[in-house]
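Notes for the one structure printed next.
The values are calculated or read from the model by the stated rules, or taken from the named source; none is laboratory data. This structure is a prediction, so every number in the text was calculated from the model and none was measured. Here the Cβ positions follow ideal geometry from the backbone for every residue, glycine too, while neighbour counts run over all protein chains shown.
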Amino acid sequence: MKVQVQSKKGLRTILSVIVDKQTIQNKMEERLETLQKEVTLKGFRTGKVPVSVIKSQFGKSVYGEVVDKILRETSTKAIEQQKIKIAGQPKIDLKTFGEGKDLNYELQIDTLPEIILKPLKNFKAIEYKISVDEQTIKSKLDELSKSHKQYEDKKDSEAAKTGDQITFDYSATVDGKKFEGSEGKGVQIELGKDLFLKDFDNQLLNTKKNEIKIVNAILPANHPKKELANKKAKFECKILSVKQPKQNKVDDNFAKTLGAKDLLDLKKIIESQISSQYSQALNSITKKEILDQLEKTHKIDLPENLIKQEVSIITQNLKNEEKEKNKLNNEKIAKSRIKLGLLLNEYGEKNSLKVTDDEVKAEIQKQIKGMPGQEKMVFEYYQKNPNAAQNLKGSIYEEKILNLIKSKIKLETKKIKIKEAEKIISEFNKPNLTTNKSKKGSASISNQAKSKKISKK
């Protein structure tokens, strides 16, 4: 194999590659000999078909297969030989080929730019910490108290009203006939929520314990039995109990019903939950501050093919007229993402940052803990979707890089109250497409930049 630099302009290099005809012939013979052992043709036993016959039958397809393999192998070797850092997918342009001829092709390669990282000493950013006051925690406790209602029995003489919990047995008929599901035992409803059947609750108002009440209602349109859909039904209800909501006492016992050790522990959990609700958004703001400074501080030439690829990703769900209308802005976003992806990746490589399998597993476990009752679903999701685990690895890698940068800049920690946090987040979330530097975007570029796939023109 002979490799020559045909041309080099900016970030684009064109290599001329020649593979001699003898190498191709040897590969052809090897492949034909392999086929000889496998192929069965009429009139010949398996393994006894002459090579000449196999060549006449399969020569063209074998040649194509061999050349395809040679192109993949030699293009990779040529790139390694020239010590080129590729960006995106190199393209192959065949010049001469055919049996009995040298294989001559050009390899068009877009290269990654050389990146010289600038000092971070003048970078500034604010890291926000939420200060959760007692009143906020108390308000949340009140909400929990109201949403986790407890009930106490009313006197037998007291009638049911809106908000009360009523328990009843029923027997129903349609056109005087019973049907599947026409009987129910110990049904509980909160009057006023109308969750059983439309207008069912209203008819149970003012009923008392041990009372028999006839309720008329329309069966739902999506009833499992189509013949019963939208049918008028008559329910004979026996009232078993009428209970009224009682004020929860917010104490250790109440906390335990919610899974906390005691009231103090519940308050800590609430504080942590409120804080975490805002932390992701606030961390995004800090990240944007850092990324903006990185982008402004560094000037980098960007490979055109990466720009096209990223624009394609950004606009994949847009109509053609939308693509054209926002063409310049989409290119701006794409360039920003590529630039930041390359810069972050360079920081990672320069500082030998890596993500271990144990770190990925730990992050998955963290997600599992944050989704009680759905542990199996989360675990199976990552098992069935290897790409999801890979994306998670990319996110952890990026987080490591950002933490490294934070450790080297002037990072001010600022405690803020919830109202201030909401104001800051609201301002940050105002539409501003030109500054859209999502985590997904920068991470995907890092992966694209490392791609070594070869495509033929």
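For Glu236, are the conditions met, namely being in contact (Cβ under 8 Å) with a residue 12 or more places away in the chain, acidic (Asp, Glu) and outside any helix (DSSP H, G or I)? Steps first, answer last, please.
Numbers: in contact (Cβ under 8 Å) with a residue 12 or more places away in the chain: yes; acidic (Asp, Glu): yes; outside any helix (DSSP H, G or I): yes.
Against the criterion (in contact (Cβ under 8 Å) with a residue 12 or more places away in the chain, acidic (Asp, Glu) and outside any helix (DSSP H, G or I)), Glu236 qualifies.
Hey, could you check the stretch 307-325 for residues that are touching a Lys or Arg at 6+ places or on another chain (Cβ under 9 Å) and within 18 Å of Thr111 (Cα to Cα) and say which is surrounded by the most Cβ atoms within 10 Å (Cβ to Cβ)?
Filtering first and then ranking leaves Glu310.
Restricting to the stretch 381-402, what's the tally of residues that are farther than 26 Å from Arg337 by Cβ, surrounded by 11 or more Cβ atoms within 10 Å (Cβ to Cβ) and not polar (S, T, N, Q)?
Going through the stretch 381-402, the residues farther than 26 Å from Arg337 by Cβ turn out to be 381, 383-384.
Checking which are surrounded by 11 or more Cβ atoms within 10 Å (Cβ to Cβ) leaves us with 381, 383.
With not polar (S, T, N, Q) added as a condition, the list becomes 381.
Residues flagged as farther than 26 Å from Arg337 by Cβ, surrounded by 11 or more Cβ atoms within 10 Å (Cβ to Cβ) and not polar (S, T, N, Q) within the stretch 381-402 amount to 1.
Out of (1) part of a loop (DSSP other than H, G, I, E, B); (2) more than 30 Å from Phe254 (Cα to Cα); (3) touching a Gly at 6+ places or on another chain (Cβ under 9 Å), the odd one out for Thr162 is which?
So the condition that Thr162 fails would be (2).
Leu328 fails exactly one of the following numbered conditions: (1) over 30 Å from Gln367 (Cβ atoms); (2) at pLDDT 90 or above; (3) surrounded by 15 or more Cβ atoms within 10 Å (Cβ to Cβ). What is the number of that condition?
Checking Leu328 against (1) over 30 Å from Gln367 (Cβ atoms); (2) at pLDDT 90 or above; (3) surrounded by 15 or more Cβ atoms within 10 Å (Cβ to Cβ), the one that fails is (3).
So which of Asn248, Asn230, Asn253, Asn210 ends up being part of a loop (DSSP other than H, G, I, E, B) and closer than 30 Å to Leu264 by Cα?
After applying the criteria, what remains is Asn248.
Kindly provide the set of residues from the stretch 122-173 that are acidic (Asp, Glu) and out of contact with any Ser or Thr (no Cβ under 8 Å at 6 or more places or on another chain), ordered by number.
Asp133, Glu134, Asp142, Glu143, Glu152, Asp156, Glu158, Asp164, Asp169
Just to check your reading of the model, which residue among Leu302, Leu344, Leu328 is assigned to a helix (DSSP H, G or I), out of contact with any strand residue (DSSP E or B) (no Cβ under 9 Å at 6 or more places or on another chain), aliphatic (A, V, I, L, M) and touching a residue at least 40 places away in the same chain (Cβ under 8 Å)?
None of the others qualify; the one that does is Leu344.
Please give the number of the condition Leu342 fails out of (1) over 26 Å from Lys296 (Cα atoms); (2) surrounded by 12 or more Cβ atoms within 10 Å (Cβ to Cβ).
(1)
Checking the condition touching an Asp or Glu at 6+ places or on another chain (Cβ under 9 Å) and surrounded by fewer than 12 Cβ atoms within 10 Å (Cβ to Cβ), which residue from Thr40, Thr96 passes?
Thr96
Listed here are the residues, each with its yes/no results for (1) assigned by TED's automatic domain parsing to the domain that holds Leu342; (2) touching a residue at least 12 places away in the same chain (Cβ under 8 Å); (3) not in a loop (DSSP other than H, G, I, E, B); (4) not hydrophobic (A, V, I, L, M, F, W, C).
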site: Ile18; (1), (2), (3), (4): no, yes, yes, no
site: Met28; (1), (2), (3), (4): no, yes, yes, no
site: Val49; (1), (2), (3), (4): no, yes, no, no
site: Lys55; (1), (2), (3), (4): no, yes, yes, yes
site: Ala78; (1), (2), (3), (4): no, yes, yes, no
site: Lys83; (1), (2), (3), (4): no, no, no, yes
site: Asp93; (1), (2), (3), (4): no, yes, yes, yes
site: Ile115; (1), (2), (3), (4): no, yes, no, no
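What are the pairs, 6+ residues apart or on separate chains, where a residue within the stretch 178-207 that is more than 25 Å from His148 (Cβ to Cβ) and in the same structural domain as Gln165 (by TED's automatic domain parsing) has its Cβ under 7 Å from a residue that is polar (S, T, N, Q) and surrounded by 13 or more Cβ atoms within 10 Å (Cβ to Cβ)?
Close Cβ pairs satisfying both conditions: Ser182/Ser171; Ser182/Thr173; Glu183/Ser171.
Scan the stretch 168-194 for residues that are of a type in the set (S, T, N, Q) and either buried (at least 17 other Cβ atoms within 10 Å of the Cβ) or outside any strand (DSSP E or B) (or both) and jot them down.
Across the stretch 168-194, the qualifying residue is only Ser182.
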